[in-house]
Amino acid sequence: MSPPWCCLAHVEETGKERIKIDPQTSADFGPYGGKTESKIVNSLAHLGKTGRDLETALRDLIIPVKAIYFDQIAAGTKSHEFRSQDERWTKRLEGRTYRHVVMTRGYPKGGGVEGVTRLTRVWRGYDLRTIQHEHFGADPVAVFAIDVSKAAV
């Protein structure tokens, strides 16, 4: 049985069981209900999860963004970060869950300073959209719209 604080859900992916943190439920309790990373690892290991499953559940998605978009996300006027539905981003997003989404203003030295050159957001998943934007060219393009609206505590 799953500990109630981490809101685990099990999903089947190509015949392998993987851990998925339910963002709808866990958001009410913070990313992991205030538990430290070591307690999370111990609880997941107690459930028989090891190796890649534990790494995936505890990994952050790091996305460098241009300064203009970073400032919009920090101000709360931009709620989604868009990434093209190419092979690279499909591999990083489909069938995965993350602890946080960490956006950096460009590539700051030493990982940046929270609120200044780095923003940490709760992983709330993504949806698929078709948008037209100057960054992607004149034609409409399919993108992953990664939700970055809720700041991590």
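Contact order for the range 60-153, expressed relative to its length and based on alpha carbon pairs under 8 Å spaced 6+ residues apart, stands at 35 percent.
Applied to the range 119-124, the Karplus parametrisation 6.51 cos²θ - 1.76 cosθ + 1.60 on θ = phi - 60° returns per-residue 3J(HN,Hα) values of 10, 10, 10, 5, 6, 10 Hz, with x for Gly and Pro. The charge dipole of the range 60-153, taken about its Cα centre with unit charges on the Cβ atoms of Lys, Arg (+1), Asp and Glu (-1) only, comes to about 340 debye. In the structure shown, the pairs Lys109/Lys150; Lys78/Lys109; Lys78/Lys150 are assessed against 22 Å; a Cα-Cα span above that value is assigned to Lys109/Lys150; Lys78/Lys109. Which residues in the range 105-127 have a backbone N closer than 13 Å to a point placed 7 Å from the Cα of Ala67 along the Cα-to-Cβ line? What the label zone holds, given the 13 Å backbone N cut-off, is 105-108, 117.
Using bins of 5 Å that start at zero, the share of Cα-Cα pairs per bin across the range 49-138 amounts to 3, 12, 21, 22, 22, 13, 5, 2, 0, 0, in whole %. Take the Kirkwood radius over Cα pairs of the range 105-153, plug it into Stokes-Einstein at 10 °C and 1.306 mPa s, and you get 122 µm²/s for translational diffusion.
Where a number appears in this text, it was derived from the coordinates with a stated rule and is not lab data. Predicted, not measured: the structure shown is a model, and the values here were computed from it. Here Cβ is always computed from backbone atoms with ideal geometry, including for glycine, and neighbour counts include all displayed protein chains.
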